[in-house]
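Written below as structure tokens is the structure these notes are about.
The values are calculated or read from the model by the stated rules, or taken from the named source; none is laboratory data. Everything numeric in this text was worked out from a predicted model, so none of it was measured. Neighbour counts run over all protein chains shown; Cβ positions are idealised from the backbone, glycine included. Note: areas computed on protein heavy atoms with side chains; ligands, DNA, RNA excluded. Shrake-Rupley method; radii C 1.70, N 1.55, O 1.52, S 1.80 Å.
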Amino acid sequence: MENEVKKNETKEFKKDNKREFKKNQSRDNRRSNGPREKLLNGTVVNIARVTKVTKGGRRMRFAATYAVGDGKGLIGLGTGKANEVQDAIKKAEQAAGRNLIKIALVDGRTIPHDVTGKCGKASVLLKSAKPGTGVIAGGTARVILELAGVKDVVSKSLGSNTKINVAKATIDALKSLRTREHIASLRGKKVEEL
């Protein structure tokens, strides 16, 4: 009889002590705000139809190259392949978001010094420019520089003009930029001592 009483007590105890869960405030706020504002702008750099020849015939797929940037010195490039164009673009956009790099800008408008970037046989020369010059660049290099937030720059594409390689060469050039402050910190000196 004592065992029955104990069982009843534990059942009552469990019923009385129900755990109350609080709603996650951030989740509710997310739903009420509507569509989220995009932090990164993106552009399709290149879409190519690629063919794989197999024993059974030709197999068509699509390869997309996508560039993303915030216009304030953040830039990324990604590629994706899929059977459909939209899927390839989506994969490329996700890859670009994972490959973001921060570049050094002077006064938020131009690059600190002249630089050359290479990828394969494509090379891109970038030169800093005075205020009001604008982005003097052709095709793919222009897209990358505008997404990165460079306002005044002169560029020249040398060698191969393959869109993907020109884009990668431009990003390679932007990666190798160094500000005076960065060089001074590497040498353990002040900016005035350089």
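Quick test for you: out of G117, G139, pick the one residue that is small (G, A, S), within 24 Å of D70 (Cβ to Cβ) and open to solvent by 20 Å² or more (accessible area, probe 1.4 Å). Quick ask: steps written out before the conclusion?
Values: G117 fails: open to solvent by 20 Å² or more (accessible area, probe 1.4 Å).
Selected residue: G139, the only one of G117, G139 that is small (G, A, S), within 24 Å of D70 (Cβ to Cβ) and open to solvent by 20 Å² or more (accessible area, probe 1.4 Å).
For region 82-141, give me each residue that is within 30 Å of R61 (Cβ to Cβ), under 19 Å from the mean Cα position of the chain (by Cα) and assigned to a strand (DSSP E or B).
I101, G117, C119
Please go through region 147-158 and pick out each residue that is open to solvent by 10 Å² or more (accessible area, probe 1.4 Å) and under 9 Å from G69 (Cβ atoms).
Correct list: L147 only.
Of the residues in region 75-97, how many are within 23 Å of L145 (Cβ to Cβ), in contact (Cβ under 8 Å) with a residue 24 or more places away in the chain and either loosely packed, with under 14 Cβ neighbours inside 10 Å or touching a Gly at 6+ places or on another chain (Cβ under 8 Å) (or both)?
8
Could you count how many residues in region 174-193 are under 30 Å from I144 (Cα atoms), open to solvent by 70 Å² or more (accessible area, probe 1.4 Å) and not acidic (D, E)?
So the count comes out to 6.
Based on this model, can you work out whether I144 counts as crowded, with 20+ Cβ neighbours inside 10 Å and at negative phi?
So I144 passes the test.
Pairs under 6 Å by beta carbon, first residue more than 15 Å from I111 (Cα to Cα) and touching a residue at least 24 places away in the same chain (Cβ under 8 Å) in region 179-194, partner assigned to a loop (DSSP other than H, G, I, E, B) and of a type in the set (A, V, I, L, M), six or more apart or different chains?
Cβ pairs passing all conditions: none.
Would you call V124 out of contact with any Phe, Trp or Tyr (no Cβ under 7 Å at 6 or more places or on another chain), among the aliphatic types (A, V, I, L, M) and either in contact (Cβ under 8 Å) with a residue 60 or more places away in the chain or more than 23 Å from I47 (Cβ to Cβ) (or both)?
no
In the list L147, L105, which residue meets the criterion of being of a type in the set (A, V, I, L, M, F, W, C), in contact with a Gly (Cβ under 6 Å, 6 or more places away or on another chain) and under 16 Å from H182 (Cβ atoms)? First the steps, then the outcome.
Numbers: L147 fails: under 16 Å from H182 (Cβ atoms).
None of the other options fit; the residue is L105.
For residues in region 99-113 being at pLDDT below 90 and farther than 13 Å from K175 by Cβ, which is surrounded by the most Cβ atoms within 10 Å (Cβ to Cβ)?
It comes out as L105.
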